[in-house]
Amino acid sequence: MPKAIVVHAHGGPEVLSYEDVAAAEPGKGEVRVRNHAVGLNFIDVYFRTGLYPAPNGLPFTPGNEGAGEVVAVGAGVEDLRPGDRVAYAGTLGAYAEERLIAADRLVRTPEAISDEQAAAMMLKGMTAEYLLCRTFKVKPGDTILYHAAAGGVGLIVGQWAKHLGATVIGTASTPEKIALARAHGYDHVIDYTREDFVERVREITGGRMCDVVYDSVGKDTFPASLDCLRPMGMFVSFGQSSGPIPPFNLAILSQKGSLFATRPTLFTYVAERANLESAAANLFSVVASGAVKIEINQRYALEDAAKAHADLEGRKTTGTSILLP
Ligand SMILES: NC(=O)c1ccc[n+]([C@@H]2O[C@H](COP(=O)([O-])OP(=O)(O)OC[C@H]3O[C@@H](n4cnc5c(N)ncnc54)[C@H](OP(=O)(O)O)[C@@H]3O)[C@@H](O)[C@H]2O)c1
């Protein structure tokens, strides 16, 4: 029987149980994929703790990103066959040696990209894609602020935003993370655990402030992130690694300069097949060109998923991490 991580009750990393699971046959429109590598993401923590409910309740297998090969196809699947290399993001159930997935959620992994790289970048890289190219179209001359710059999404965003011609400001919590972010596209990196990041952004921008702030830290950086924006700037809240932002009065957006605010998620941006294909193609293209490098800084055995979660939540990881079945 294949092995998978199963969550029977919400809680800390210890609820990630490594078990034998039944190998179901693919149904209509489904594919069975053997994962060669699985991506680790902060969203996996939100599902584990119950902050985000799993669509079919408990028990469930976590994980939203992976890459491997097709081993069986269900009825009606015409364009994939066993042996094809595929990658995916955004469908729960990735922490497994083998999994079922709807065929229309898969993309083919380009030859030049390894399964490990694909597993490390599909969710984080397509997130960078929609944040920089669709939620707010970053263009030459823009100044952007990205919190947690040395994280998984952070190192991809830094390189991609630099490639788009922006001035890229980041925040991070240690000198090592600051150095890493500087090596991945960030022009300026602020230690937001020691410095007042609003004042530092003011200094760096000569008072002009930022066109857009991408904030996935949440509670600890709100509402200060709003003060880093120029009038009519865009606040993009796309995560809460420090805890959710408390409810706030929309009037704060007018008081701070007619700001725009949005709370996007990748799943909306790639819900339509055409958008999934174009986001993946855009990502594969910046990686193939060398503009964005996908480096894997942590590798864990799948059965050590609890250790991987403890490290991610404990701010011990940098860049991308993968689990190996
Ligand atoms: N909405 C979407 O579509 C979408 C998609 C992908 C990811 N996300 C979000 O983007 C964020 C980044 O995801 P990721 O997987 O790449 O994770 P990550 O950035 O590698 O890890 C989270 C980082 O957040 C920082 N952080 C600040 N306060 C923290 C705290 N109290 N506890 C833990 N970490 C804290 C840490 O960096 P420092 O030590 O430098 O502070 C930590 O390394 C997450 O919030 C995730 O949910 C959203």
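Using a probe of 1.4 angstrom and keeping all protein chains present, the accessible surface of the chain works out to 41 square angstrom per residue. If you take the charge dipole of segment 140-263 about its Cα centre, with +1 on Lys and Arg Cβ and -1 on Asp and Glu Cβ, which of Cys228, Ile169, Gln255 is farthest toward its positive end? So the residue we want is Gln255. Basic side chains Lys and Arg get +1 at the Cβ, acidic Asp and Glu get -1 at the Cβ, and with that the dipole of segment 1-105 about its Cα centre reaches some 80 debye.
At a threshold of 8 angstrom on Cα-Cα distance, excluding pairs fewer than six apart, so keeping six or more, what relative contact order does segment 41-162 reach in percent? Walk me through the numbers before you get to the answer.
Values: 141 pairs, mean separation 25.7, N = 122.
Relative contact order here is 21 percent.
Residues whose amide H comes within less than 5 Å of that of Leu229, counting only those at least five positions distant or on another chain, are Cys210 (H built at 1.01 Å from N in the peptide plane). Packing order of peptides 10-19, 118-127, 95-104, highest average first: 118-127, 95-104, 10-19 (average count of other Cβ atoms within 10 Å over each peptide's residues). Once backbone amide H atoms are built at 1.01 Å from N, Val189 has Gly170 as its partners under 5 Å, excluding neighbours fewer than 5 places away on the same chain. Using a 7 Å offset from Cα along Cα-Cβ at Tyr52, what residues in segment 102-139 end up with backbone N under 14 Å from the label point? The answer is 122-128, whose backbone nitrogens lie closer than 14 Å to the label point. Note on Lys219 and Arg81: with the Förster distance fixed at 45 Å, the Cβ-Cβ geometry gives a FRET efficiency of about 0.45.
Taking amide H atoms as placed 1.01 Å from N in the peptide plane, the amide H of His36 lies under 5 Å from those of Ala67, Gly68, Glu69, each 5 or more residues away in sequence or on another chain. In the chain, the DSSP-assigned H stretches of four residues or longer account for a calculated mean residue ellipticity at 222 nm of -8000 deg cm²/dmol, using -39500 (n - 2.57) per stretch and the full residue count as denominator. Residues in segment 183-191 carry Karplus couplings, in order, of 7, 10, x, 6, 6, 9, 10, 9, 7 Hz; the curve used is 6.51 cos²θ - 1.76 cosθ + 1.60 with θ = phi - 60°, and Gly or Pro positions show x.
Gain on full extension, evaluated as 0.36 nm per residue between Arg202 and Asn297 minus their Cα-Cα distance, stands at 31.0 nm.
Close lysine pairs were tallied over segment 17-166: pairs 8 or more places apart or on different chains with Cα atoms under 21 Å apart number 5.
Length gain on complete extension for the stretch Lys316 to Leu250, per 0.36 nm per residue less the alpha carbon to alpha carbon distance? It would help to have the intermediate numbers written out before the result.
Working: separation 66, 0.36 × 66 = 23.76 nm, distance 3.50 nm.
Net length gain for the segment: 20.3 nm.
Accessible area of segment 191-296 with a 1.4 Å probe: how many percent of it is carbon plus sulfur?
On the way: 2730 of 5110 Å².
The computed percentage sits at 53.
Among bridges DSSP assigns within the chain, what percent are antiparallel (round to 5)?
Within the chain, antiparallel bridges account for around 55 percent of the total.
Each residue of segment 57-62 was assigned a 3J(HN,Hα) from its phi angle through the Karplus curve 6.51 cos²θ - 1.76 cosθ + 1.60 (θ = phi - 60°); the sequence is x, 9, x, 8, 9, x Hz, with glycine and proline shown as x. In order along segment 196-208, phi translates into HN-Hα couplings of 7, 5, 5, 5, 5, 5, 4, 4, 4, 8, x, x, 6 Hz, rounded to whole numbers, per the Karplus curve 6.51 cos²θ - 1.76 cosθ + 1.60 with θ = phi - 60° and x for Gly and Pro.
Annotation for segment 120-163 versus segment 263-325: alpha-carbon center distance of 12 Å.
The values are calculated or read from the model by the stated rules, or taken from the named source; none is laboratory data. Quick caveat, the model's predicted, so the values are computed rather than measured. Neighbour counts run over all protein chains shown; Cβ positions are idealised from the backbone, glycine included. Remember, those area values only see protein heavy atoms, side chains included, never the ligands or the DNA or RNA. Shrake-Rupley method; radii C 1.70, N 1.55, O 1.52, S 1.80 Å.
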